[in-house]
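A.B. asks: Structure below; questions to follow.
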Amino acid sequence: MVTAEIVCLGNELLMGITVNTNATYLGEQLTRLGIEVRRITSVRDDLEQASECIKEVIEREPEILIVTGGLGPTYDDIQMEVISRVTGKRLIENKEALELIKEHYEKYGLEMSEERRKMAMIPEGGKILNNSAGAAPGCLIKYKKTEIFCLPGVPTEVKSIYTTAIHPYLSSKIKTRITECKILIENCRESEIAPYINQTKKKFKKLYVKSHPQFGERKGITIHFSYSGEEGEKIVAKAKRFLMDKIKENQPKIKITEIGE
């Protein structure tokens, strides 16, 4: 299975000022492609700390690393410097990136400044990823066994670059897909169905099956089934039926609702 890690730069993430929606979004998107996301790390806008973090990720050799945050024009936008330091690839002014940045500001009648020009400094050999939702382009850098996708931190820009550039690229390379479904269990405690979940996991060893208490309009316990690989639909369907039958046999008062694939 293809493995990935996500690193999110930003003091605001660690200070509780900003909710890290980028991690949730990217984790979900990669998982849907059948990629195993092994770690998500948040780190401060500090050159030493961020460099050490990225270095440790590279040493673990994931096929994919996505880094968000730190691509803007201000003093604490250090992502490219971090990647340059870790990979040993010198920063150069990328002509394609510079043109994209100029075009972005020209739409608003704004001229280039040194701060804006800074966003065109890309590690040598980096492939530019167009950012149609903002100023700073992303880039793809291949280093050792890892492909590093460098993205800004604004969620709308992350989604834009992922949708238009990263998803098509990964989809063309990765053929394994993930199969998922959920059921809702009502009128019971999580501990009551835990034995049947454990039995299901034991029988279907490569299956991910997990209970999640649910609150709101429909209180209960959501059971999430997920399988990456061939015959996913068949295996997930069998596992779901196995668990539902076990619950019905032993806990007939429990209500079970299938809530979609």
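A.B. asks: Can you name every residue in segment 143-174 that is touching a residue at least 60 places away in the same chain (Cβ under 8 Å) and over 18 Å from residue 37 (Cβ atoms)?
C.D. replies: 143, 144, 152, 153
A.B. asks: So which residues in segment 1-46 are within 30 Å of residue 225 (Cα to Cα) and in a loop (DSSP other than H, G, I, E, B)?
C.D. replies: If the condition is that a residue be within 30 Å of residue 225 (Cα to Cα) and in a loop (DSSP other than H, G, I, E, B), then 1, 2, 19, 20, 33, 34, 35 are the ones that fit.
A.B. asks: Those residues that are basic (Lys, Arg) and under 11 Å from residue 185 (Cα atoms), I need them from segment 206-247; list them, please.
C.D. replies: 218, 219 - these are the residues of segment 206-247 that are basic (Lys, Arg) and under 11 Å from residue 185 (Cα atoms).
A.B. asks: For a quick check of your reading: which strands (runs of 3 or more DSSP E) sit entirely within segment 166-248 and have at least 1 residues that are within 30 Å of residue 141 (Cα to Cα) and either in the same structural domain as residue 130 (by TED's automatic domain parsing) or out of contact with any His (no Cβ under 7 Å at 6 or more places or on another chain) (or both)?
C.D. replies: Per the criteria, 178-186, 220-228.
A.B. asks: Just to verify a result, which residue in segment 228-253, among those that are touching a helix residue (DSSP H, G or I) at 6+ places or on another chain (Cβ under 7 Å) and crowded, with 18+ Cβ neighbours inside 10 Å, is farthest from residue 36 (Cα to Cα)?
C.D. replies: So, considering only residues that are touching a helix residue (DSSP H, G or I) at 6+ places or on another chain (Cβ under 7 Å) and crowded, with 18+ Cβ neighbours inside 10 Å, the one farthest from residue 36 (Cα to Cα) is 247.
A.B. asks: Can you tell me how many residues within segment 54-73 are out of contact with any Lys or Arg (no Cβ under 8 Å at 6 or more places or on another chain) and either buried (at least 19 other Cβ atoms within 10 Å of the Cβ) or modelled with pLDDT under 95 (or both)?
C.D. replies: The total comes to 10.
A.B. asks: In addition: Hey, residue 49 hits all of (1) assigned to a helix (DSSP H, G or I); (2) touching a helix residue (DSSP H, G or I) at 6+ places or on another chain (Cβ under 9 Å); (3) farther than 29 Å from residue 177 by Cα but one; which does it fall short on?
C.D. replies: Going through the list (1) assigned to a helix (DSSP H, G or I); (2) touching a helix residue (DSSP H, G or I) at 6+ places or on another chain (Cβ under 9 Å); (3) farther than 29 Å from residue 177 by Cα, residue 49 breaks only (2).
The values are calculated or read from the model by the stated rules, or taken from the named source; none is laboratory data. Everything numeric in this text was worked out from a predicted model, so none of it was measured. Glycine also receives a Cβ, built like all others from the backbone with ideal geometry; neighbour counts cover every protein chain displayed.
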